[in-house]
Amino acid sequence: MIIQPDIQPSGGKHNHAVLPFAIITFIYFIVGFLTTVNEQLQAPLKFTFLSHAGSLRNTLTTLTTFFFFLGYLLNGTLGSKWVNAYGYKNTILRGLLFMISGLFMYLCSSWMGTQYPDLKFSIRDAIIPLGFIIFIIGSYLMGTSAAVIQVVVNPYAASYEMKGTQPVQRLNILTAINSIGTTSAPFFVTVVMFSGISIENIEIKQLLFPLSMLILCILIITLVTKRLHLADIANTRAVDGEKLERSIWSFRHFVLGVGAIFFYVGTEVAIGANINLYAFELMDSGHPINFFGKTDIIIGGVDFGIHALLSTLYWGGFLVGRSISSFFNKISARTQLIVTTILAAILALVSMITQNLWFLVAIGLLHSSMWSCIYSLSIKGLNKYTSKASGIFISAVFGGAIFTLIQGGLADIFGSWRWTWSLTVICELLMLGYALFGSKVREKDLI
């Protein structure tokens, strides 16, 4: 028996209301913020938990991101099942509870690392604290939270009718607000969590207070969301035991879109998570990163960190690009995807050849609209198959785990991060192929 949601389908006067869209946009801001916090903790963990990890140091460091996106792979479809059974609002609440659980595991990890630093085990020449294992379990729970919430917000934004907008515009607005979270997170980690202390001198116990405050904030947000009205959207999910006549895998443009998003998130996350590790490598080899002639940013005795600036400006490019592209109501998603993938591939090549990280940073501006483009092209015309498609689509975000981990492994094998950015070029070209050929909807796939 399927339990019916406690929210009513949108229609009539609800169709153009801003509040429901604003609610899911704010929650998506939180997802973006905590996703990037998880990525930015890679470098501090490398210098604390993994300081004696030997030849596996880069590979183990990227496990933080790997387990986060493993939550997407294993639990994306769980979110779509909950949407069909309980509705959009109740699914968001479940996602927020996963978020609180993940943050609590982070807190336990920090406490364990502080109180019992000698609890360790060895793999080859790597010595790994038990606290690190607890942390990556928290990363998995956080990834599950993000997956469940995204199963709600993406089809909601694409299908929620607001006058004068098209689906790709609404998705760009949604993701632009998300980008405010991803842009602010690197400095939150550097300045708030670790008090602007140089990364070589940080201690894991510094996470205890800010993590406690984050748990409290998300708990309050969960309680507030429970009391709010979030209108449902008709004809975007199967209800009342309705059986879908076709397999979702029979829609070619959707299947190829799943592949495109796998490669997109793979390169998007790999740059955001690993660019600061590449920066540390260059600095250690005598090639400091310059920002307007300065090799460090110290304001009032606080080290803001060039590495944090790289990530901030990369994710900031998403904010700028999404804000601009939200006004492109006459430029198709297909055209946007073709142009941005070509330019991104060129920038990645130039960055490898010149060893200039600022070209990688600039790719953030181009990556900004790719999610919205691929998603809107993939779910075009799916109607009641949309929520199921969204769950599978979200599972493809696991590319963020695969490519980040592969790149870390290649960096250990090559002894450098430099040529590992070839993965970015490959991903951009595959997405270009989807824009040119795979996104076309076959006549038999029109519902």
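At-a-glance table
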item: Residue of 224, 191, 269 that the Gaussian network model of the chain assigns the largest fluctuation, springs spanning Cα pairs under 10 Å; result: 224
item: Residue-span extension gain [residue 19 to residue 166] - 0.36 nm each, minus C-alpha spacing; result: 51.1 nm
item: Candidates 417, 315, 358, ranked by Gaussian network fluctuation over the chain, Cα under 10 Å, top entry; result: 358
item: Between segment 371-393 and segment 61-97, the Cα center-to-center distance that results, in Å; result: 16
item: Given 226/330; 330/380; 81/330; 89/380; 81/226, the pairs whose alpha carbons are separated by over 26 Å; result: 226/330; 81/330
item: Amide H partners (placed H, <5 Å) of residue 120, local residues excluded; result: 130
item: Beta bridge orientation in the chain: antiparallel %, DSSP, nearest 5; result: 90
item: Relative contact order (percent, whole number), the chain, Cα cutoff 8 Å, 6+ residue spacing; result: 26
item: Gain upon complete extension [residue 349, residue 125; 0.36 nm per residue less C-alpha separation]; result: 77.2 nm
item: Residue among 356, 24, 343 farthest towards the positive dipole end of the chain, charges placed on Cβ; result: 24
item: Sites residue 332 and residue 250, calculated FRET efficiency, Cβ-Cβ separation with R0 30 Å, nearest 0.05; result: 0.75
item: Gain in span if fully extended, residue 358 to residue 223, counting 0.36 nm per residue against the direct Cα distance; result: 44.4 nm
item: Carbon plus sulfur fraction of accessible area for the chain, probe 1.4 Å, in percent; result: 67
item: Kyte-Doolittle mean at least -0.5, axial Cα span of 15 Å or more - DSSP H helices of the chain; result: 19-40, 63-86, 88-115, 130-159, 167-187, 208-227, 252-284, 306-325, 333-354, 357-367, 399-414, 422-433
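The values are calculated or read from the model by the stated rules, or taken from the named source; none is laboratory data. This structure is a prediction, so every number in the text was calculated from the model and none was measured. In this analysis, Cβ positions are derived from the backbone assuming ideal geometry, glycine residues included, and neighbour counts consider all displayed protein chains. What goes into the accessible areas is simple: the full protein's heavy atoms, side chains included, and nothing from ligands, DNA or RNA. Shrake-Rupley method; radii C 1.70, N 1.55, O 1.52, S 1.80 Å.
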